[in-house]
Amino acid sequence: MKNILLVSILFLTINCNSQNQKTTGTINVLFIGNSLTYYHNMPQSVQKMLNETHPNIKIEQSTFPGMSLSAHLDNIIESRTEHGISTRKKVEGEITETEKKIAEKKWDVVILQEGTVGFLIPEAREYKVETAISEIKKLITNPNCKFILFETWPSKKEYPKEYCYSKWGINRSLEKDQYCSPVIENVAQEMELINESYDVVAQKNSLLLSDNGTKFYEVLTKHPEIELYEDDSHPNKYGAFLNASIFYQMLTDRKASELKYNGEIEPKTAELLKKISE
């Protein structure tokens, strides 16, 4: 697990590294993202796992459908339905739902999730993703907060494929009208591009990096009998369980395979996904 020891330093300092040890200090963790995070109640599954061994770690979330990290800072939600939201750009003096959430507490860990495409287009990565990450970090009042970048996974859209954004969706000062990812020929190439892109952003912005995408790819290539996708990109209950297991381990430095919790997953599959998450 990438950077797991770095994350665990935070918890070792307050004596929460032992399953049998009762802890008193609350550790507040905030997920900021969209449906790739909240599908099948993934953050709540992380909390149920933590309740077995580290009930002092409390999970909260600011997650809305289709929201990029920049939209979390720029967009006011005007209406909501079961399947989506309607937003507008904020005006001076307004604060977004996520800005309100950030201001509620001195967060100890913030987990940041952006759609995969934003990382694969270099200009979007630089002007949108990294700018938003920098602004979110400035809003966090705890100087010791740890930031985790939630690595996502390849989509199931057919190959070859290419992702493009107009300059109006990136930065209107750019010269060209459209900016694109490389043409992607297969899933191995897409995973390689994802790894490279997330590594760049994590290193430039001093973020810890999860390996959710890498673990998805491992299941895709070594355990094709386990379907992780609800559609082209969203995790189903198995994908969400795998994600939860990964974050449990990052937050505790303990193996998910030691947990009793299986969620809504058949025990045999749950145990395999827990092992893969290691």
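Ellipsoid semi-axes for region 169-260, based on the Cα gyration tensor and the rule √(5λ), read 29, 19, 12 Å when sorted largest first.
Hydrophobic long helices, here whole DSSP H runs in the chain with Kyte-Doolittle means of at least 1.6 and Cα atoms spread over 30 Å or more along the helix axis, are not found.
Counting only lysines at least 8 places from residue 260 when in the same chain, those with an alpha carbon closer than 23 Å to its own are 22, 48, 58, 215, 237, 268, 274, 275. Over the C-alpha trace of the chain, radius of gyration and Dmax come out as 18.5, 59 angstrom.
The three principal axes of the C-alpha atoms in region 58-147 carry coordinate ranges of 34, 31, 28 Å, sorted with the longest axis first. Straight-distance candidates among the aspartates and glutamates for linking to residue 89, with alpha-carbon spacing under 18 Å and chain neighbours fewer than 8 residues away dropped: 74, 78, 97, 99, 135. Just grab the label-to-label distance for residue 92 and residue 223, each label 7 Å out from Cα along the Cβ direction, in nm (one decimal). My value for the distance between the label points is 5.5 nm. The modelled label-to-label distance between residue 158 and residue 138, using points 7 Å beyond Cα along the C-beta direction, is 4.5 nm.
For the chain, give the percent of accessible area contributed by carbon and sulfur heavy atoms, probe 1.4 Å, rounded to a whole number. Summing carbon and sulfur atoms, their accessible area is 48 percent of the total for the chain. On a per residue basis, the chain carries 47 Å² of accessible surface, using protein heavy atoms and a 1.4 Å probe. Its relative contact order, with pairs defined as Cα atoms under 8 Å and 6+ residues apart, puts the chain at 22 percent. A Förster radius of 22 Å, combined with the Cβ-Cβ distance separating residue 123 from residue 232, puts the computed FRET efficiency at roughly 0.40. Given their separation in residues at 0.36 nm each and the Cα-Cα distance between them, residue 82 and residue 266 gain 63.5 nm when the chain is fully extended.
Put simply, when 237-247, 90-100 are sorted by average Cβ atoms within 10 angstrom per residue, most first, you get 237-247, 90-100.
The values are calculated or read from the model by the stated rules, or taken from the named source; none is laboratory data. This structure is a prediction, so every number in the text was calculated from the model and none was measured. With ideal geometry, Cβ positions are generated from the backbone for all residues, glycine too; neighbour counts draw on all protein chains shown. Calculation scope for accessible area: heavy atoms of the full protein, side chains included, ligands and nucleic acids excluded. Shrake-Rupley method; radii C 1.70, N 1.55, O 1.52, S 1.80 Å.
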